[in-house]
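This report refers to the structure that appears directly beneath it.
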Amino acid sequence: MPVLPVCLFEPLWDQFSALLPERPRFSPTHPLGCHRERIPDRVVFEHVIAALVHGSGYERIASTGCSDGTIRRRVKEWAAAGLSEQVHTLALQAYDRMIGLDLEDLAVDGCITKAPSGGEVAGRSPVDRGKRGLKRSLVTDGTGIPLHVVSAGANRHDSPLLAPTLAGLDKLDRLPEAVTVHLDRGYDSSLTRALLDALGFDGAIARKGVPAPIQAGSRWVVERTHQWMNGYGKLRRCTEKGQSVVDFYLFLAAALVVLRQLIHRARLRYRWPSRPTTRRLK
């Protein structure tokens, strides 16, 4: 059984492979020119997707045709080049052309997951007895499409992460004149309002001391998107230590969320025209 449906894997691989630089089949630095053949990028990418979906270690998903060391080296190489973020941007552009992004309403929120191995973006989790955890700050459009994601330690507050999260909107081609950012009560501060004013955004911020169900507003879509992204095991329990690799998996999962929503909504919008019915003459 494939890790991902073909309708998701093939479009993702087509865009990802187009960004890869050309590599020789054999290492040109080998003195005899008879080094082992380079493992194809598609084979390694299939193992990377398996690691993302299942959250397993590279030793468990390695095969006779692709070792765990090869997977680690290739992931670090792709992460350093920022390939997953570029693929996510291409997926957003395709979604905007076919469906259209709802950029008049944005929602931002953070989510804490486990990071048992520690690392550059791990911190003491306030909701998991001080164990090491990872926080991701996510901004979505009005329908829950992930636009940008920022990684940080679990001990970081959501409010200071708002500025780098909204800075990721620069990758979009355009923004409407009137933009409303929906935030929960954790962002209720003068610094948040000053930031939104500087960016020219309106803020719909929940007030402290008011019960959440009364002022849930339109920010529930970002919480739903967090649940979509938590469906990938590598994000629920991240064992990566380097920030570049952590961001690689975050943007790869975000690209898959965008592609899944694109296919789902395009199937409902662009249907085959029904065949005209012909009346039979008696």
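Quick one: which residue in Thr70, Thr89, Thr113 is open to solvent by 20 Å² or more (accessible area, probe 1.4 Å) and not aromatic (Phe, Trp, Tyr)? Quick ask: steps written out before the conclusion?
Details: Thr70 fails: open to solvent by 20 Å² or more (accessible area, probe 1.4 Å); Thr113 fails: open to solvent by 20 Å² or more (accessible area, probe 1.4 Å).
From the options Thr70, Thr89, Thr113, the qualifying one is Thr89.
For segment 53-72, does any single residue satisfy the condition of being among the hydrophobic types (A, V, I, L, M, F, W, C), part of a helix (DSSP H, G or I), closer than 30 Å to Arg265 by Cα and out of contact with any strand residue (DSSP E or B) (no Cβ under 8 Å at 6 or more places or on another chain)? Explain how you work it out, then say what you get.
Just the residues of segment 53-72 that are among the hydrophobic types (A, V, I, L, M, F, W, C), to begin with: 53, 61-62, 66, 71.
Okay, now just the ones that are also part of a helix (DSSP H, G or I), so 53, 61, 71.
Filter again for closer than 30 Å to Arg265 by Cα, leaving 53.
With the extra rule that they be out of contact with any strand residue (DSSP E or B) (no Cβ under 8 Å at 6 or more places or on another chain), the set shrinks to 53.
There is at least one residue in segment 53-72 that is among the hydrophobic types (A, V, I, L, M, F, W, C), part of a helix (DSSP H, G or I), closer than 30 Å to Arg265 by Cα and out of contact with any strand residue (DSSP E or B) (no Cβ under 8 Å at 6 or more places or on another chain).
The residue that is modelled with the lowest pLDDT, among those in segment 13-42 that are out of contact with any Phe, Trp or Tyr (no Cβ under 9 Å at 6 or more places or on another chain) and open to solvent by less than 50 Å² (accessible area, probe 1.4 Å), is Ser27.
Among what's in segment 189-198 and is open to solvent by 10 Å² or more (accessible area, probe 1.4 Å) and of a type in the set (S, T, N, Q), pick the residue that is nearest to Ser125 (Cα to Cα). Lay out the reasoning, then the answer.
Within segment 189-198, the first condition is being open to solvent by 10 Å² or more (accessible area, probe 1.4 Å), and the residues that meet it are 189-191, 193-195, 197-198.
Of the ones still in play, those that are also of a type in the set (S, T, N, Q) are 189-190.
Details: Ser189: 23, Ser190: 26 Å.
The selected residue is Ser189.
Within segment 153-188, being free of Cβ contacts under 8 Å to residues at least 40 places away in the same chain, out of contact with any His (no Cβ under 8 Å at 6 or more places or on another chain), open to solvent by less than 40 Å² (accessible area, probe 1.4 Å) and of a type in the set (Gly, Ala, Ser) holds for Gly153, Ser159. The C-beta contact set for segment 12-26 (first residue touching a residue at least 40 places away in the same chain (Cβ under 8 Å), second residue surrounded by 14 or more Cβ atoms within 10 Å (Cβ to Cβ) and not aliphatic (A, V, I, L, M), distance under 6 angstrom, 6+ apart or interchain) comprises Leu19/Gln86; Leu20/Asp41. Looking only at segment 134-167, residues that are of a type in the set (Gly, Ala, Ser) and within 21 Å of Trp220 (Cβ to Cβ) come to 4 in all. Residues in segment 204-238 that are small (Gly, Ala, Ser) and over 20 Å from Ile61 (Cβ atoms) were compared, and the one that is modelled with the highest pLDDT is Ala204.
Among the residues making up segment 225-272, those that are under 17 Å from Val48 (Cβ atoms), open to solvent by 10 Å² or more (accessible area, probe 1.4 Å), among the small types (Gly, Ala, Ser) and in contact (Cβ under 8 Å) with a residue 40 or more places away in the chain are Gly242, Ser244. Taking segment 116-149 as the range and being touching a Ser or Thr at 6+ places or on another chain (Cβ under 7 Å), small (Gly, Ala, Ser) and open to solvent by less than 10 Å² (accessible area, probe 1.4 Å) as the test, the residues that pass are Gly133, Ser137, Gly144.
The values are calculated or read from the model by the stated rules, or taken from the named source; none is laboratory data. Keep in mind the model is a prediction, meaning the values are calculated, not measured. FYI the Cβ positions are ideal-geometry reconstructions off the backbone, even for glycines, and counts take in every protein chain you see. What goes into the accessible areas is simple: the full protein's heavy atoms, side chains included, and nothing from ligands, DNA or RNA. Shrake-Rupley method; radii C 1.70, N 1.55, O 1.52, S 1.80 Å.
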